[in-house]
Amino acid sequence: MATKGLTGLSLMVRYWGNENGNRTFDILVDNQIIATENVTGKWKVNKFVNLEYPIPSSILKDKSVITVTFRAKVDNVAGGVFYLRLLKPEIIQSSINLPIQNNKAFIFKRDGTIIIRTQDESSISAISFFTITGQLIQSGTKTGNEVTFGNGNLAKGVYLLQYRSNGKLMSQKILL
């Protein structure tokens, strides 16, 4: 799959939502496992379901093409996979129309959900999301280099985001 030299990509996989049998498998990008999935009875709906898997920047660095492999576990089958594509982040613009890239983190949205992803694999340890009037919408402690929050129903407007990474407290105004 062509990456066009980009990092911060995610792999979107479309599955059938009502699988049965033994369907546990690894998803690999360039022979490195990015996820292990079991789709047996996961959704129990008779429609297609899309899942998104972040691809670590270390796998994508300096590459224009990657190979995606679905490898079944012992006595299982992989899939079924009905569609596959790479997704790039939709970078949120600040009020002065510049991409937000503080402390080596990207802040972007996809389907109304806010995602913070550090590019250097450093962990995000805490997050708070506020309305412009200071009303707390969501907060909590997190682990990992990617945090997803919001339910897709965020109204357009100005929000304040505060998060801690590498011991630094970062604040950012976001315009949706």
Query raised in the report: When all protein chains stay in place, what accessible area (Å², nearest 10, 1.4 Å probe) is found for T67?
Result: 80
Query - Qualifying lysines (Cα of each under 22 Å from Cα of K168; at least 8 residues distant if same chain) - result: K104, K142
Query - Of K109/K156; K4/K61; K109/K173; K4/K173; K63/K88, those spanning more than 18 Å from alpha-carbon to alpha-carbon - result: K4/K173
Report summary line: In Å², rounded to a whole number, the accessible area per residue of segment 3-96 with probe 1.4 Å is 56
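The values are calculated or read from the model by the stated rules, or taken from the named source; none is laboratory data. Values in this document were obtained by computation on a predicted structure and should not be read as measured data. Surface areas here come from the heavy atoms of the whole protein model, side chains and all, with no ligands, DNA or RNA. Shrake-Rupley method; radii C 1.70, N 1.55, O 1.52, S 1.80 Å.
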